[in-house]
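> Encoded as structure tokens, here's the structure I'll be asking about.
Taken together, the values in this text are just the output of simple stated rules run on the coordinates, not laboratory data. Here the structure is a predicted model, which means the values were calculated and not measured. Positions of Cβ are generated from backbone atoms using ideal geometry, with glycine treated the same way; all protein chains shown enter the neighbour counts.
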Amino acid sequence: MAAYGTAVRAVTIPPTKDSACTVVEPVEVEAISIGPGRQRIALLPPVTLSCTMALAVAKWLEISVQPLAKGYFSQDLTSLRVGGGHECRRRNRAANGPLSEHSTGQALDIFAIMVGAGKAAGTIVVEKPEGPGHGAFLDALRQSACGAFMTSLGPGSDAAHANHLHIDIQPRRAASSRFCQ
Ligand SMILES: [Zn+2]
């Protein structure tokens, strides 16, 4: 797949059998290449996403996250520690209630952002931004996610999102409304 000058390194996988949790065009994404230099951003570990979500993430990494990494740390974005790709479950792992956006592959959870390589490598942990500039970088990251996705939730939103940034492209019930906290 290629779009916006980016490429998603992914394998197409068969759709799930559970109809409540069907992912449209599921792909297992292990890396996303961005920019003219085809700079490779690894997703650790690889996650299963819908093709549409994979492209939305690719576009966001190129347009927002890489420039923020450059701006705050003078480093290239290198990888994301992620979780919560496709998983058939209810929101916040509750026993009842609506299905999570993860159940359709439309969501991704980000736990840490890695920039630079070798001695210059740094890790920005969403739960505990400790290094210089980490807090401001994460604030800017969340603001950009707010514009790029339908929902973005993170530390301070609620207890279920204390240690990661959740982003998804599931349309919300009120048309054209976005949910950012
Ligand atoms: Zn999530």
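> Which Cys residues of the chain have no other Cys beta carbon under 4.7 Å away?
C51
> Only Cα pairs under 8 Å and at least 6 apart count here; give the relative contact order of segment 79-171 as a rounded whole percent.
25 percent
> Given contacts defined as C-alpha pairs under 8 Å and at least six residues apart, what's the relative contact order of the chain, whole-number percent?
Contact order relative to length: 17 percent.
> Also, I was wondering about something else. Label C88 and A162 with points 7 Å out from Cα along Cα→Cβ: what is the distance between them in nm?
My value for the distance between the label points is 3.1 nm.
> So what's the net charge close to G97: Lys and Arg +1, Asp and Glu -1, counting the other residues with Cβ under 12 Å from its Cβ?
+4
> Against the longest alpha carbon principal axis of the chain, how many degrees, from 0 to 90 and to the nearest 10, is the axis of helix 51-60 turned?
30 degrees
> Also: Tell me, what is the Rg over Rh of the chain, with Rh the Kirkwood radius over Cα pairs?
0.95
> Right, something else. Sequence-distant or interchain residues sharing an amide H contact under 5 Å with V47, placed H: which?
Correct list: V29.
> Within a Cβ distance under 15 Å of S33, other residues only, what is the Lys/Arg minus Asp/Glu net charge?
+1
> Please give, to one decimal in nm, the separation of the simple spin-label points placed at L44 and R178, each 7 Å out from Cα toward the Cβ.
Spacing of the two 7 Å Cα→Cβ label points: 2.9 nm.
> Kirkwood hydrodynamic radius, segment 127-181, all distinct C-alpha pairs: what's the number in Å?
11.8 Å
> With angles folded into 0 to 90 degrees, how steeply does helix 134-148 sit against the dominant principal axis of the chain? Use alpha carbons for both and round to 10.
Relative to the chain, helix 134-148 is tipped by roughly 40 degrees.
> So what is the 222 nm mean residue ellipticity for the chain from helices alone, if each DSSP H run of at least 4 adds -39500 (n - 2.57) and you divide by all residues, rounding to the nearest 500 deg cm²/dmol?
The per-residue figure over the chain is -5500 deg cm²/dmol.
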